[in-house]
Amino acid sequence: MAVELYSFKEIEKIRRACQVVVEVLQELARAVRPGLSTHELDLMAREEAKKRGAKPAFLNYKPPFSNEKFPASLCVSVNEAVVHGLPKREQVIKEGDIVSLDFGAYLEGYAGDSALTVAVGQVSKEKELLMNATKEALEEAVKVCVPGNWVSDIVEVIYRVAKRHGVYPLKNLGGHGIGRRVHEEPFIPNHPATLAQERKDYKLRQGMVVAIEPMLSLGTEEIAHDGDRWTVITADRSPAAHYEYVVAITKQGPMVLTEFKNG
Ligand code: MG
Ligand code: MG
């Protein structure tokens, strides 16, 4: 499949979908508290998307790696869970957890996608460091999203920032192109070994829109699966964090479409 290129008008539509996603995520981040179940967060995500006339992108989505459709609107990945966390009625959030929320939605034919990690009350120094390192990896990676650079430049930045903070980028996971569909080419791995396995690199061009989403852990580069067939965890069960922005590659430089508002 070829990489899609988008006009400025289309990029504005992707931005609108991204803005809905960000608004929903901000509502959810504010709601996260001890005692709340991850299932309740999923229900909130559906409702908040509906209020804004958007359709959750992950509900009933069948990713290439699965034979089943994802049965929820939101991915909630707590502590050692990295991504694709399946919300559950019996999974209750507690003080000291870090909770990664990943949401995608369609609005008027275009997709938005974003993720962030929320600290529940007082979290450990290590978890705080991990969250900050992951956010920094994302912000640094955005800066190299300019025409003429390569996907491998993004991979490199994420790796370098992780190493600098003594944390680990997770293998076999990463970001992606986005636009008319939530997941498009190219795949943007978070680990150089995964990029090497892919055996292909892409040159960034004006009009490409990419979701950059570093996932870093405190103890390992290896992932595993927990028993629910969706949730990806760290192989050593150390905590993981995840942040995701959508970025348009333009002549004027990187344009972040998932701008979070303060408050
Ligand atoms: Mg994504
Ligand atoms: Mg996402």
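When the residues of segment 94-131 are filtered to those that are in contact with a His (Cβ under 7 Å, 6 or more places away or on another chain) and not hydroxyl-bearing (Ser, Thr, Tyr), which remaining residue is farthest from ligand 1 (Cβ to nearest atom)?
If we take residues in segment 94-131 being in contact with a His (Cβ under 7 Å, 6 or more places away or on another chain) and not hydroxyl-bearing (Ser, Thr, Tyr), then Leu129 is farthest from ligand 1 (Cβ to nearest atom).
Only residues in segment 119-141 that are touching a residue at least 12 places away in the same chain (Cβ under 8 Å) and under 17 Å from Ala29 (Cβ atoms) count as the first member; pair them with residues that are aromatic (Phe, Trp, Tyr) and assigned to a loop (DSSP other than H, G, I, E, B), Cβ under 8 angstrom, at least 6 apart or cross-chain, and list the lot.
From segment 119-141, the pairs are Thr134/Tyr243; Lys135/Tyr243; Leu138/Tyr243.
With respect to Pro56, determine if the residue is closer than 24 Å to Leu216 by Cβ and within 16 Å of ligand 2 (Cβ to nearest atom).
Spelling it out, it is not the case that Pro56 is closer than 24 Å to Leu216 by Cβ and within 16 Å of ligand 2 (Cβ to nearest atom).
Checking Met131 against (1) of a type outside the set (Gly, Ala, Ser); (2) part of a helix (DSSP H, G or I); (3) within 15 Å of ligand 2 (Cβ to nearest atom), only one condition comes out false. Which one?
All conditions pass for Met131, except number (3).
Among the listed residues Lys171, Lys200, which satisfies the condition of being part of a loop (DSSP other than H, G, I, E, B), touching a helix residue (DSSP H, G or I) at 6+ places or on another chain (Cβ under 7 Å) and of a type in the set (Lys, Arg)?
Lys171
Just wondering, is there one or more residues in segment 239-255 that are in contact with a strand residue (DSSP E or B) (Cβ under 9 Å, 6 or more places away or on another chain) and surrounded by fewer than 17 Cβ atoms within 10 Å (Cβ to Cβ)?
No; the residues of segment 239-255 include none that is in contact with a strand residue (DSSP E or B) (Cβ under 9 Å, 6 or more places away or on another chain) and surrounded by fewer than 17 Cβ atoms within 10 Å (Cβ to Cβ).
Quick one: in segment 48-75, of everything that is more than 21 Å from Ile14 (Cα to Cα) and charged (D, E, K, R), which residue is farthest from the chain's Cα centre (by Cα)?
Glu68
Condition check: within 14 Å of ligand 2 (Cβ to nearest atom), outside any strand (DSSP E or B) and either of a type in the set (A, V, I, L, M, F, W, C) or more than 22 Å from Asp153 (Cα to Cα) (or both). Does Val182 satisfy that?
yes
Being among the aliphatic types (A, V, I, L, M) and in a loop (DSSP other than H, G, I, E, B) is the requirement here; does Leu41 meet it?
No.
Return the pairs, sorted by first residue and then second, in which the second residue is more than 11 Å from ligand 1 (Cβ to nearest atom) and not in a strand (DSSP E or B), the first residue lies in segment 183-195 and is closer than 17 Å to Pro64 by Cβ and touching a residue at least 60 places away in the same chain (Cβ under 8 Å), the beta carbons are less than 7 Å apart, and the residues are 6+ apart or on different chains.
These pairs meet every condition: Glu184/Glu4; Glu185/Met1; Glu185/Ala2; Glu185/Val3; Pro186/Val3; Pro186/Val151; Pro186/Tyr202.
Since every read-out is calculated from the coordinates, none of them should be taken as a lab result. Model, not experiment: these values are computed from the prediction. As a convention, Cβ positions derive from the backbone with ideal geometry for all residues, glycine included, and neighbour counts pool all protein chains shown.
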